[in-house]
Amino acid sequence: LQEMVQKPKVEFAGLSMKSLSLFEATPVFKLKVTNPNPVGLTLSNLSYQLKLNDLDFVKSTMDKGVSLGAAGSDIVEIPVTINYLDLFETVSDFVQTKKVRYDLSGSVGFGPLTIPYQTDGEFDVPKLPEISLKNIEVSSLSLLGASLKFAVGMKNENPFTVRLSGLDYNLKLGGKNFATGTTENIPAIDEKGLSTLEIPMQVNFIRLGRAVYNLMTGASGEYEMTGAMKFNLPEVGEKSFPFQQRGVVPIQK
């Protein structure tokens with residue numbers, strides 16, 4: 001049979017994402033299998049070994065009943081679910097890594113015929129939202145204090161909606177500690193979109209000092225915002241990821 005039948009051809013046909021979220025993805029590796037023979041063949045099994053960032057990730061065999069027509073071809077898919085928090089050893093690794101390298105190899109079986117294949121490449125790691133202070137709105141101002149509203153901008157560069165369960169923040173204005181707090185009413189951030197979180201606040205100048213009063217009467221001020229973004233993950237619970245941003249914020253009156 002091996003002498004009479006020409007070996008089918010196996011080619012890598014691309015990678016797509018069946019599902020994608022901030023912390024989990026299911027890449028689908030596609031193989032194009034071509035039958036050069038004048039009679040049909042049936043794919044009996046497919047083995048694969050996947051390495052991610054040069055480390056063994058999964059090794060398995062799939063029983064496939066795919067039939068290839070005479071002188072025909074078909075696409076065979078290999079879906080693999082990846083949890084990024086399992087892939088990276090630390091939160092810092094996940095935050096700083098932009099791409100994952102992959103190496104996929106294995107063989108496709110047609111009865112006694114076995115055709116090896118191998119491909120490698122990389123795919124993007126989802127990005128955490130970018131947190132920044134967009135503006136400070138002063139609704140009332142006196143020598144004793146002020147009523148403020150902070151507009152916190154949240155930018156999502158991913159092709160899917162991101163939802164935070166909470167935000168811890170610490171804000172410095174003009175180099176001085178200004179506000180610390182936690183909020184849970186976080187609007188969803190659409191795919192490739194922007195969202196704004198508004199935080200109202202009462203400021204006491206007697207406690208914070210005249211320097212803060214002078215800052216509030218100006219047109220802008222330097223700020224530093226640090227804290228942690230919180231996410232509720234299935235089967236894991238709440239997970240926190242640190243953020244830090246510096247810049248100049250306009251002050252509107």
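For segment 124-253, the spread of Cα coordinates along the three principal axes comes to 50, 25, 22 Å, biggest extent given first. Atom-type composition of the exposed protein surface of segment 152-246 places 43 percent of the accessible area on carbon and sulfur (1.4 angstrom probe). Take the Cα of Ser147, go 7 Å toward its beta carbon, and the backbone nitrogen atoms of segment 180-198 under 18 Å from that spot belong to 198.
Convex hull volume of the C-alpha atoms in segment 53-182, normalised per residue: 186 Å³. Over the chain, accessible surface divided per residue gives 54 Å², non-protein components excluded, 1.4 Å probe. Here is the tail figure for segment 50-117: Cα pairs spaced more than 14 Å apart come to 70 percent of all pairs.
Rounded to a whole number, what is D in µm²/s for segment 1-97 from Stokes-Einstein with the Kirkwood radius over alpha-carbon pairs (20 °C, 1.002 mPa s)? Reported coefficient: 137 µm²/s. Where a ≥ b ≥ c are the square roots of the eigenvalues of the C-alpha gyration tensor, would you call segment 141-213 rounded, which needs a/c under 1.5, or, failing that, prolate if a/b is larger than b/c, or oblate? Here segment 141-213 falls in the prolate category. When you work out D = kT/(6 pi eta Rh) for segment 163-203 at 25 °C and 0.890 mPa s, using the Kirkwood radius from C-alpha pairs as Rh and the Stokes-Einstein form, the result is 206 µm²/s. Converting phi to 3J(HN,Hα) with the Karplus coefficients 6.51, -1.76 and 1.60 and the offset θ = phi - 60°, segment 8-22 yields x, 9, 10, 10, 6, 10, x, 9, 9, 10, 6, 8, 8, 9, 5 Hz in sequence order, with x at every glycine or proline. Rg over Rh for segment 125-167 works out to 1.19, both radii taken from alpha-carbon positions and Rh defined as the Kirkwood radius. Distance between the pseudo-spin-label points of Val236 and Gln49 (7 Å out from Cα toward the beta carbon): 2.8 nm. The alpha carbons of segment 207-253 give a radius of gyration and a Dmax of 16.6, 49 Å, in that order.
Considering the chain as a Gaussian network with a 10 Å cut-off on Cα pairs, which listed residue, Leu171, Leu143, Leu208, attains the greatest mean-square fluctuation? Between Leu171, Leu143, Leu208, it is Leu143 that shows the largest mean-square fluctuation. Charge tally for Val125 (other residues, Cβ to Cβ under 9 Å; Lys, Arg +1; Asp, Glu -1): +2. Could you work out what % of the accessible surface of segment 1-79 is carbon and sulfur, using a 1.4 angstrom probe and leaving DNA, RNA and ligands out of the count? Solvent-exposed carbon and sulfur of segment 1-79 make up 48 percent of the total.
Label zone of Lys127 (point 7 Å out along Cα→Cβ, amide N under 12 Å): in segment 145-187 this covers 155-159. Applying D = kT/(6 pi eta Rh) to the chain, where Rh is the Kirkwood radius over alpha-carbon pairs, T corresponds to 25 °C and eta to 0.890 mPa s, the Stokes-Einstein value obtained is 111 µm²/s.
The values are calculated or read from the model by the stated rules, or taken from the named source; none is laboratory data. Since this is a predicted model, take the numbers as computed values, not measurements. So basically every Cβ, Gly included, is an ideal-geometry build from the backbone, and we count neighbours across all protein chains shown. Note: areas computed on protein heavy atoms with side chains; ligands, DNA, RNA excluded. Shrake-Rupley method; radii C 1.70, N 1.55, O 1.52, S 1.80 Å.
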